[in-house]
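The values are calculated or read from the model by the stated rules, or taken from the named source; none is laboratory data. Small disclaimer: the values here were computed from a predicted structure and weren't measured. We place every Cβ from the backbone using ideal geometry, glycine too, and count neighbours over all the protein chains shown. The accessibility values were calculated without ligands, DNA or RNA, using every heavy atom of the protein model including side chains. Shrake-Rupley method; radii C 1.70, N 1.55, O 1.52, S 1.80 Å.
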Amino acid sequence: MIDHQIIIAIDGHSSCGKSTIAKAVAVRFGYIFIDSGAMYRAVTLYALRHNLIIDGEVKREELIGALPEIRIDFRYNPERQRSDTFLNGENVEEEIRQLTVSQNVSPVATIAEVRKAMVRFQQEMGRNKGIVMDGRDIGTVVFPDAEFKLFVTASTEIRAKRRFDELKSKGENVSFDEILQNIMERDRIDSTRKASPLRKADDALVLDNSDMTREEQMEWVIRNVEEKLEGTSSKFQVPGSR
Ligand code: DC
């Protein structure tokens, strides 16, 4: 039996199913799942509501000054088998997924002070391990010592199609082109920003799920996590004690 816990870091491009994988892994191993992107989205929502973003321009200094006023927490929602995101006590899980937030989040996530505050909180949540966190800098900056690191990607068109179908099914009135543009723009900003750009950790496994079904990818991920858990558990065992 594997009874020790590890940290599982899942990074990768926008809309390639990181959260779906992270949630399924968390449910399978009884771990806590934290969607770090939700935190940047919640800060963005706060900024939008307080007129700290006008026509895509972030009022950087004012937003940095407001950081102590922004309280984010996660509360488990048994119906979704994952946590909802709360901003200053309000459940904003639905609102932070809307396209307006997606269109403004990348510039907010480039601000080093915002990142510093989020990373501190993320590290605190991972203190006792037993956590799956997805984002862009989890395996490189937040948990560079994570025992299992995954880097997920898929072709831009496939990612746009998946996000388009998801938003459509929620009744959002969006065009495919608008989504494709948003994904390409977020990839560009996420990968070229100065503070913690999106990059694969040297010791991360790569998963390109463009041509995989959900079942195939989950089977692949679970098998690899299990192998890692078995490998790390043997380190804790006295040789011959099995
Ligand atoms: O995973 P997501 O699409 O919900 O993330 C929203 C944005 O937040 C994304 O454009 C990049 C940013 N982000 C980040 O910079 N670092 C993270 N660890 C997670 C997300």
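Conditions (1) surrounded by fewer than 16 Cβ atoms within 10 Å (Cβ to Cβ); (2) under 24 Å from ALA24 (Cα atoms); (3) among the aromatic types (Phe, Trp, Tyr), marked per residue:
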site: ALA146; (1), (2), (3): no, yes, no
site: PHE151; (1), (2), (3): no, yes, yes
site: PHE164; (1), (2), (3): no, yes, yes
site: ASN182; (1), (2), (3): no, no, no
site: ASP187; (1), (2), (3): no, no, no
site: LYS200; (1), (2), (3): no, yes, no
site: THR213; (1), (2), (3): yes, yes, no
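The single condition among (1) open to solvent by less than 20 Å² (accessible area, probe 1.4 Å); (2) under 13 Å from the mean Cα position of the chain (by Cα) that ILE7 does not satisfy is (2). Selection of the stretch 126-144 for residues being open to solvent by 10 Å² or more (accessible area, probe 1.4 Å) and either among the charged types (D, E, K, R) or touching a Phe, Trp or Tyr at 6+ places or on another chain (Cβ under 8 Å) (or both) yields ARG127, LYS129, ARG136. If the condition is being open to solvent by less than 50 Å² (accessible area, probe 1.4 Å) and among the hydroxyl-bearing types (Ser, Thr, Tyr), then the stretch 50-94 contributes SER83, THR85. Looking only at residues of the stretch 98-110 that are in contact (Cβ under 8 Å) with a residue 60 or more places away in the chain and open to solvent by 30 Å² or more (accessible area, probe 1.4 Å), we find that the one that is farthest from ASP190 (Cα to Cα) is GLN98. The set of residues in the stretch 189-198 that are surrounded by 15 or more Cβ atoms within 10 Å (Cβ to Cβ) and not in a loop (DSSP other than H, G, I, E, B) comprises ILE189, ASP190. Checking each residue in the stretch 10-41 for being more than 10 Å from the chain's Cα centre (by Cα), modelled with pLDDT of 95 or more and within 10 Å of the ligand (Cβ to nearest atom) picks out only ARG41.
May I ask you to say which residue of ILE7, ILE2, ILE72 is at pLDDT 95 or above, aliphatic (A, V, I, L, M) and out of contact with any Gly (no Cβ under 6 Å at 6 or more places or on another chain)?
Values: ILE7 fails: out of contact with any Gly (no Cβ under 6 Å at 6 or more places or on another chain); ILE2 fails: at pLDDT 95 or above.
Every option except ILE72 fails the conditions.
Could you check, for the stretch 214-221, whether at least one of its residues is touching a strand residue (DSSP E or B) at 6+ places or on another chain (Cβ under 9 Å), under 21 Å from VAL43 (Cα atoms) and of a type outside the set (Phe, Trp, Tyr)?
Among the residues of the stretch 214-221, not one is touching a strand residue (DSSP E or B) at 6+ places or on another chain (Cβ under 9 Å), under 21 Å from VAL43 (Cα atoms) and of a type outside the set (Phe, Trp, Tyr), which makes the answer no.
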